[in-house]
Each structure stands twice: as C-alpha cells, then as structure tokens.
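This report refers to the structure that appears directly beneath it.
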Amino acid sequence: MREQFVLPAKLKNVSLVLLGVGVLALLIGIFALNGEEGARRFWGVLLFDSVFFLVVTAAMGLLLSAATLAAGSWHIAYRRVMESMVMALPVLGILAFIVLMIIVWGDKHFIYEWVDKHVVAEDPVLQKKSVFLNPGFFTLMTVLTIGLWSFLGYRLRRLSLQEDLAQPGTRKIYWKTLRVAAAFVAVFAVTNSSSSWQWIMSTTPHWYSTLFAWYIFASSLVCSIAVLALFVVLMRNLGFMEWITDEHLHDLGKLMFAFSIFWTYLWFAQYMLIWYGNIPEETTYFSPRLWGSYRPIFLLNIIINFVTPFLLLMTRDAKRNYTSVAVLAFIIVIGHMLDFYMMFMPQIVKDNWHLGWFELGITLGYAGLMILLVTRSLAKAPLYPKNHPFLKETLIHHS
C-alpha cells in the first residue's frame, strides 16, 4: 500500500504550464486591454476567477467540517485530499484579496459603483447601504473572512497530521478537531453571506435577493464536490489510494447528484419569486440574462448544471464508474464557472462579454495553480490517516 504521494513530473509540468498560460494571459491583458471597455473586461475576469476559486475551496472546508461534526466515516478514505484542497485557501485568498483591494481602493467604480463617493452622494439607495458598502468595512470583512477561513482550515490540517503521530486509541485530538470544525461551520455561516453580498451582489448595488447567499453556497459546494471527485479519480489513476473503492466513489456521485438538484431548487426559487413579484428593482437582474445577450449562456447553464447531472448520474452504475463520475464532475465544474461568470459580467461589461483568450487564459492559470497547491500538499503528508478513530469504518464502508 502506497501511503506517501509522490508528485509525478508530468502532472507537475502540466500544472506549471497551465499556470504559465495564466501569467502570460495576465501580462498580455495588461497591455492589450485598454480603455474603459478593456478595463472592465480585465478586472471583471480577474474578480470572477479569484472569487470563484476561493469560495469553491472554502466550501470544501465546510464539507470537511460538516462531515467531521456528523461523525461520518465515508470521507476518511480521501480526507487527505479534502484537507489538501483546504490548504490552498491561504494562497487563493491572498490573490483574491489583492484583486479586491485594487478594485475597491483603486476607484474601479465600473466594478463596484458604491466606491464612487459622488455617485453615493446622489443616490438615496446607496446612502442607506453605505454602512455595509464602504471601502473600510469591505476591507475589514474581507480580511476577517479570508483570514478565518485560512486559519481554521490550517488548524484542521494540523490536527489531522498530529493524530497520525499520537498514540493509537487516543481521542484527545479528535475532540479538538470537532471544536475546530464547529468553529469553521459557525464562521462560514456568517462569512458566506457577507462575502456573497459584498464581493458579488454589490456589483449590482440596487438589486437584492434574500436567497442569494444560499445560491452561492449551493453553487460553490456542488462545484467543490466535483473538484474533489476529479482529484480522487486522478489519485486512483496514478496508482495511489488503492483503499478507495466503488463504495466511496458512489458517495461522491450521490453528493454531486443531490447538490445539483439543491442548486436547481434555489435557482428556481430565486427566479420564480422575482418573476412573480415583478418588482423593477428585482427584475433588472434577470432581464439581461434571460432576455439579453446572455440568454444562450443562461439556458446552457440550466442544461449543464441540472439536466446533465440529473439524467447521467441517476443510475447506481453511473455513480460507481470512475470515467462517468470524472466526466460529469468536469462538466459540473465548467457549468458552475459559467454560473459565476453570469453573476459578474452583465453588470461589469454589459453586452460586451467575451469567452476568449483572456478569460480562458486566466481560468487555466488559476486551475494550474490549484492543481499545483493541492498536489504539493498531498505530497507533504501520508495519504493514509492511520490513527483516525473511524478508519476501520471507512475501509468496510458500503454505500
């Protein structure tokens, strides 16, 4: 049994090439995307990618914490993959923080309208929201959010590694892990809402939705599960984690299936309530998406994120097949990238949207960085949590 992961040179080179593509796209974009339209595209794409990869990683921290609190054994087989995804939080958080701070303090009012004091002074709605939407409070909440996510994720990882070195049968570290997991869930419950409102919804400061934070949670969580599935399949294909069986894969398939339906429920609930109310302040959000130039992406979003996983992951065999799970996981990741893309771009670039070289390059760069961070973290610790109290249960787990 191979307990120590060794990063293959080929996989490392692939991640570095993807990262290099991202850096190259960024450098070209600095010089090529000029004028207001170019600036909107440049900063809009950076904001979209940095927030997307950060919240997807944070959602994995929530899933790990929730599974820990529930005393679940199903996830122990690939717990180290979950921990390694969470360990990417500090780097992704720093990148997102830099982008957010440049936008807010660099007077990028075409991203966040509320950073322009002159606009706020003439807008009663923005004045009422100025206590929450102002650069100072935005910065404070961003620091607290990214800092707490990173710190608590790091603590979960450290306690897990300490458990490997503890005396077999001891439960002291396990109880500490429960407390940290509880803290992560409590912190995430608050910061997921505040970050969703500040980072994403405030690009349209006159619009509001009481379901928006739940919607972001559902989208980021199902995407994080899909990314986890991709890494698990990758590890098995590389010859590691041979203790992972069809039973464990079945669980991941069920989670992707279930949370795709949960996302669809929230998507429909938010749309239906706004359509039914027919209030101008609310319908302005869906107007460019459903009836404007974003209509093709809007409709494709439903097909990719609901119809496809619902039909192709419905059977038991599909959830237990490594190829089908990997393909569906990849499709779900792409689908929710489009979902996040539509959260930002209609407000930022209006009808001048692109899915071109810059969007693809920056996204590939972030993907390469995430692959590199997760695989390097996997190589730093044993893949087998030998002293976890539920290890026996996960080895004989039946889905």
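Quick note: the coordinates plus some simple rules give every number you see, no bench work behind them. Keep in mind the model is a prediction, meaning the values are calculated, not measured. Note: ideal-geometry Cβ built from the backbone for every residue, glycine included; neighbour counts use all protein chains shown.
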Measuring from its Cα centre, the chain shows a charge dipole (+1 at each Lys and Arg Cβ, -1 at each Asp and Glu Cβ) which, in debye to the nearest 20, is 1300 debye
Under a Gaussian network model of the chain whose springs join Cα atoms within less than 10 Å, the largest fluctuation of Val131, Val185, Val222 belongs to Val131
With the dipole of segment 9-395 defined by +1 on each Lys or Arg Cβ and -1 on each Asp or Glu Cβ, the option from Ala213, Gly239, Pro296 whose Cα lies farthest towards the positive pole is Gly239
Least to most buried among Leu378, Leu313, by other C-beta atoms within 10 Å and fewest first, runs Leu313, Leu378
Final fewest-first order of Trp353, Trp207, Trp199, Trp275 on the 10 Å Cβ neighbour count is Trp275, Trp207, Trp353, Trp199
Note, segment 296-309: 3J(HN,Hα) by Karplus (6.51, -1.76, 1.60, θ = phi - 60°), whole Hz, Gly/Pro = x, goes x, 5, 4, 6, 5, 4, 5, 5, 6, 8, 10, 4, 4, x
Given unit charges at Cβ for Lys, Arg (+) and Asp, Glu (-), the dipole magnitude of segment 91-209 about its Cα centre in debye, nearest 20, is 720 debye
For segment 83-242, averaging the sequence separation of alpha carbon pairs under 8 Å that lie six or more residues apart and dividing by its residue count, the contact order in percent is 24 percent
For the chain the mean separation of alpha carbon contacts under 8 Å (6+ apart) over residue count, i.e. relative contact order in percent, is 35 percent
Taking trypsin sites (Lys or Arg not before Pro) as exposed when in a DSSP loop with at most 16 other Cβ atoms inside 10 Å, the chain has its longest clean stretch at 172-349
Comparing Gly136, Gly93, Gly253 in a Gaussian network model of the chain (Cα, 10 Å), the one with the largest mean-square fluctuation is Gly136
Dipole check, segment 251-399, charges on Cβ (K,R +1; D,E -1), about Cα centroid: among Phe259, His354, Gln270 the Cα furthest to the positive pole belongs to Phe259
Given (1) 21.3, 67; (2) 21.8, 76; (3) 23.5, 89 as possible values of Rg and Dmax of the Cα atoms in Å, the one from the coordinates is (1)
When the charge dipole of segment 1-126 is computed with +1 at the Cβ of Lys and Arg and -1 at the Cβ of Asp and Glu, the Cα pointing farthest to the positive end, of Val115, Tyr78, Ser65, is that of Tyr78
Candidates Ala88, Ala379, Ala326; GNM for the chain (alpha-carbon contacts under 10 Å) flags as most fluctuating Ala379
Diffing segment 175-180: the Karplus 3J(HN,Hα) column from phi (6.51, -1.76, 1.60, θ = phi - 60°), in whole Hz with x for Gly and Pro, holds 5, 5, 4, 4, 5, 5
Across the chain, qualifying lysine pairs (alpha carbons under 14 Å, at least 8 places apart or different chains) come out at 4
